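Take a look at the structure below.
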Amino acid sequence: MIITDIEVGEIFVPLITPFKTALRTVSNVEDIVVKITTDTGEVGYGEAPPTAVITGDTKGSIVCAICDFITPALKGMDIENIDGIMKKLHSCIKKNYSAKSCVDMAVYDLYGKRFNAPLYKLLGGYRKEFETDLTISVNPIDEMVKDSITAVKRGYRILKTKVGLDGIKDIERIKAIRGAVGKDIKIRVDANQGWSANEAIHIISKMEDLGLDIELCEQPVKAEDLEGLRAVTQSVRTPILADESVFSARDALNIIQMGAADLINIKLMKTGGIYGALKICSIAETFGVECMIGCMLESKLSVSAAAHLAAAKGIITRADLDGPSLCKTDPFKGGPKYKENKIVMTDLPGIGIQSVPAFE
């Protein structure tokens with residue numbers, strides 16, 4: 001199964017409601033997609049969101065990286081040579097992690113199809129289904145409470161609440177949500193780098209004192225402030241999840257050795273794809289540090305690739321793969337089944353996506 005062509009396209013999927021964090025507000029998924037064709041006629045699909053505020057990648061940079069650097073490097077390579085393909089993918093251009101992830105997942109899609117097996121079984125096969133949270137965007141308190149109640153009515157038992165814009169007011173947000181949904185719903189707090197270390201310690205400690213029972217707090221400080229991240233981790237009881245601070249296996253190792261976080265968040269758009277994510281899983285497993293699998297604002301295509309990794313690896317104990325649940329429509333055929341809070345894998349080979357609108 002030899003790579004003969006790599007095509008690039010775009011998808012547009014409107015969101016149910018605007019997605020708001022401390023970093024940005026987005027109303028639609030507008031992502032780059034690829035289709036890799038082989039000499040056997042088999043195809044593989046991938047997707048990359050242009051998340052410039054986190055990865056630095058834009059639509060233009062993703063397209064340029066794929067067309068001008070990655071495609072010439074990979075054409076003619078055999079899908080069975082997964083290690084050789086990945087070495088070329090990651091050496092033909094520096095950084096550009098979203099572009100690499102887009103192609104990476106299309107290659108792994110084909111890898112599964114080559115052996116006629118769902119990808120998660122080839123990568124480890126740990127579980128067939130798992131639970132995801134649902135994101136509650138940062139908004140006025142009454143709106144966040146309303147959104148949280150709606151999510152619980154839909155069947156979600158874990159809420160990931162976006163904070164980080166208003167400092168001390170974030171405590172009021174979480175207190176109101178906890179009061180509205182009750183004690184049996186898990187609440188994760190994601191500050192998206194919105195606090196200083198001192199603010200984070202104060203806010204998280206106050207939440208603890210109020211008995212708000214926060215499962216974890218994600219990336220409370222700036223990505224580069226590892227000393228601040230460690231100070232927060234060592235000063236509070238609530239587990240701290242490193243997200244934007246972790247792009248590579250080297251980053252994960254550094255944070256674990258520093259004791260800068262309790263948990264690691266893996267996102268394919270930061271790791272450059274499944275290949276890099278697997279390395280983080282190995283390091284985390286070696287040190288006994290649990291991981292969460294997350295996503296940017298992505299559609300079902302790339303979230304499905306992340307779902308296969310989540311299903312494959314036992315060290316991934318939490319999932320934040322709600323992208324498809326935030327979208328108004330599902331323009332794709334195939335893939336894992338998204339049943340609100342449950343993601344169920346199927347026996348379709350590869351990632352399981354059978355058609356992508358950009359290539360119809």
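Here are some residues: Asp184, Asp147. Which one is in the same structural domain as Ala261 (by TED's automatic domain parsing), outside any strand (DSSP E or B), more than 22 Å from the chain's Cα centre (by Cα) and closer than 23 Å to Arg318 by Cα? Walk me through how you get there before you give the answer.
Numbers: Asp147 fails: more than 22 Å from the chain's Cα centre (by Cα).
Of Asp184, Asp147, the one residue that is in the same structural domain as Ala261 (by TED's automatic domain parsing), outside any strand (DSSP E or B), more than 22 Å from the chain's Cα centre (by Cα) and closer than 23 Å to Arg318 by Cα is Asp184.
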**Prompt:** Among (1) closer than 22 Å to Lys279 by Cα; (2) modelled with pLDDT of 95 or more; (3) within 24 Å of the chain's Cα centre (by Cα), which single condition is Thr55 missing?
**Reply:** (2)
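Scan region 227-250 for residues that are within 21 Å of the chain's Cα centre (by Cα) and either charged (D, E, K, R) or surrounded by fewer than 20 Cβ atoms within 10 Å (Cβ to Cβ) (or both) and report the count. Steps first, answer last, please.
The first filter runs over region 227-250 and keeps only residues within 21 Å of the chain's Cα centre (by Cα), leaving 229, 239-250.
Right, trim to either charged (D, E, K, R) or surrounded by fewer than 20 Cβ atoms within 10 Å (Cβ to Cβ) (or both) and you get 239, 243-244, 248-250.
Residues in region 227-250 being within 21 Å of the chain's Cα centre (by Cα) and either charged (D, E, K, R) or surrounded by fewer than 20 Cβ atoms within 10 Å (Cβ to Cβ) (or both): 6 in total.
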**Prompt:** Quick check: anything in region 157-170 over 22 Å from the mean Cα position of the chain (by Cα), assigned to a helix (DSSP H, G or I) and not charged (D, E, K, R)?
**Reply:** no
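Any residue that is part of a helix (DSSP H, G or I), among the aromatic types (Phe, Trp, Tyr) and farther than 24 Å from Pro336 by Cβ - is there at least one of those in region 285-293? Break it down into steps so the answer makes sense when it comes.
Narrowing region 285-293 to residues part of a helix (DSSP H, G or I): 285-287.
If we keep only those that are among the aromatic types (Phe, Trp, Tyr) as well, we get 287.
Those left that are additionally farther than 24 Å from Pro336 by Cβ: 287.
Yes, because at least one residue in region 285-293 is part of a helix (DSSP H, G or I), among the aromatic types (Phe, Trp, Tyr) and farther than 24 Å from Pro336 by Cβ.
Taking Val103 as the residue in question, decide whether it is surrounded by 24 or more Cβ atoms within 10 Å (Cβ to Cβ), at pLDDT below 95 and not hydroxyl-bearing (Ser, Thr, Tyr). If you could, list the steps in order and put the result at the bottom.
Details: surrounded by 24 or more Cβ atoms within 10 Å (Cβ to Cβ): yes; at pLDDT below 95: no; not hydroxyl-bearing (Ser, Thr, Tyr): yes.
Taking the combined requirement at face value, the residue does not satisfy it.
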**Ile168 vs. criteria touching a His at 6+ places or on another chain (Cβ under 9 Å), assigned by TED's automatic domain parsing to the domain that holds Pro239 and either surrounded by fewer than 20 Cβ atoms within 10 Å (Cβ to Cβ) or modelled with pLDDT of 95 or more (or both)** = yes
**Condition check for Glu30: surrounded by fewer than 17 Cβ atoms within 10 Å (Cβ to Cβ), under 30 Å from Glu224 (Cα atoms), touching a residue at least 24 places away in the same chain (Cβ under 8 Å) and of a type in the set (Asp, Glu)** = yes
**Item:** Any chance Glu199 is among the acidic types (Asp, Glu), assigned to a helix (DSSP H, G or I) and buried (at least 16 other Cβ atoms within 10 Å of the Cβ)
**Value:** yes
**Request:** Can you give me the number of residues within region 313-331 that are buried (at least 17 other Cβ atoms within 10 Å of the Cβ), at pLDDT 95 or above and part of a loop (DSSP other than H, G, I, E, B)?
**Result:** 3
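The values are calculated or read from the model by the stated rules, or taken from the named source; none is laboratory data. All values derive from a computational prediction rather than experimental measurement. In this analysis, Cβ positions are derived from the backbone assuming ideal geometry, glycine residues included, and neighbour counts consider all displayed protein chains.
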